[in-house]
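See structure below.
The values are calculated or read from the model by the stated rules, or taken from the named source; none is laboratory data. Everything numeric in this text was worked out from a predicted model, so none of it was measured. For neighbour counting, all protein chains shown are included, and Cβ atoms are generated from backbone atoms with ideal geometry for every residue, glycine included.
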């Protein structure tokens, strides 16, 4: 039972992070206050989710809406956080496998139903780039297909190119909701396949699952387990879980995760070789370039590390593209190129504006450049994005 709970919590966390990235972009970064459709969608989403919790989980204990949903985008963002915290607790307390899978998956899919048009506004109307969710158990649905109808609960029973590795927002105004145009087309919709989850985790249906799907399921399960151990700093157990995931499917992602744990445990040469192997397996996957650069940076190979950070920036598959810019900034600070470092950090803020630690670092660098220390030099150290930050989260 713990395994399915971990998987559902992991998927719920991913959906939560996706919406929070979208709403953050809309409330803190963009000129969104004049976009009526965005406010309506975010309000509809939180009201729908509260209704689902009230009707599906709490029954007679909560007979009417308790949150105010139609004030502003910021209010929707706050309500979403409240509702997701509540749902996570309810999943942890769940004890009947089939019902828990159906209820939680329906809730997650409802989040993605609203995320699709919100993402369209944020990217196309407001011109902002927001990372999509990580696929796995999550599936992409073509635009022309309709979302899955919620399932009713059954209450019954090397060398790479020229480089060579060297060892070593404001409150929005109240508007009328009528006369708001619907979209003629939508971006991709993400959904969990509830029937597949039931096949994976249901006792009676397990035999119906194909071998390939079973491998994928085990791979995702052990990755989630490894992240759970790593979060608790149980790195030996995390490494064991990631190795078990690799036994089901060898990907650039899992090789990078194993390399990351080895670097924390002090096995830097092993970590380097795994990063190289990951890059060879999928040259478009960004994290191993960044991690390899970080290892070289820690060894003092500043110029060489900058080359790998540059490759990480160009990788097409990278959910956290701010990392190589942060690390390039660190390397440039160590070289004494403070203004160039500041440019790297500012680019990182554009990609990840909610990183408060990064914003504070940039403010300190700016202050140092404007008012040098008494000896005429610039003396500032930064320690964010430590080696214990997962490369794929």
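Every residue, every condition in (1) within 20 Å of the chain's Cα centre (by Cα); (2) surrounded by fewer than 24 Cβ atoms within 10 Å (Cβ to Cβ); (3) under 21 Å from residue 216 (Cα atoms), yes or no:
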position: 231; (1), (2), (3): yes, yes, no
position: 234; (1), (2), (3): no, yes, no
position: 237; (1), (2), (3): no, yes, yes
position: 244; (1), (2), (3): no, yes, yes
position: 252; (1), (2), (3): yes, yes, yes
position: 256; (1), (2), (3): yes, no, yes
position: 262; (1), (2), (3): no, yes, no
position: 265; (1), (2), (3): no, yes, no
position: 268; (1), (2), (3): no, yes, no
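Against the condition in contact with a strand residue (DSSP E or B) (Cβ under 8 Å, 6 or more places away or on another chain) and either in a helix (DSSP H, G or I) or at pLDDT 85 or above (or both), how does residue 20 come out, does it pass?
When the stated conditions are applied, residue 20 does not pass them.
Per-residue answers, yes or no, for (1) within 20 Å of the chain's Cα centre (by Cα); (2) surrounded by fewer than 16 Cβ atoms within 10 Å (Cβ to Cβ); (3) under 22 Å from residue 190 (Cβ atoms); (4) at pLDDT 75 or above:
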| residue | (1), (2), (3), (4) |
| --- | --- |
| 80 | yes, no, yes, yes |
| 87 | yes, no, yes, yes |
| 94 | no, no, no, no |
| 107 | yes, no, yes, yes |
| 115 | yes, no, yes, yes |
| 119 | yes, no, yes, yes |
| 122 | yes, no, yes, yes |
| 138 | yes, no, yes, yes |
| 149 | no, yes, yes, no |
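Please work out if residue 322 is modelled with pLDDT under 95 and within 22 Å of the chain's Cα centre (by Cα).
Yes, satisfied.
Six or more apart or on different chains, Cβ atoms under 9 Å: show the pairs whose first residue is in region 219-235 and over 19 Å from residue 248 (Cβ atoms) and whose second is modelled with pLDDT of 85 or more.
Pairs found: 231/238; 232/238; 233/264; 234/228; 235/229; 235/261; 235/264; 235/265.
Being at pLDDT 75 or above and over 25 Å from residue 8 (Cα atoms): is that true of residue 164 here?
So residue 164 fails the test.
Could you go through region 50-69 and let me know if any residue there is buried (at least 16 other Cβ atoms within 10 Å of the Cβ), under 19 Å from residue 117 (Cα atoms) and modelled with pLDDT under 80.
Scanning region 50-69, I find at least one residue that is buried (at least 16 other Cβ atoms within 10 Å of the Cβ), under 19 Å from residue 117 (Cα atoms) and modelled with pLDDT under 80, so the answer is yes.
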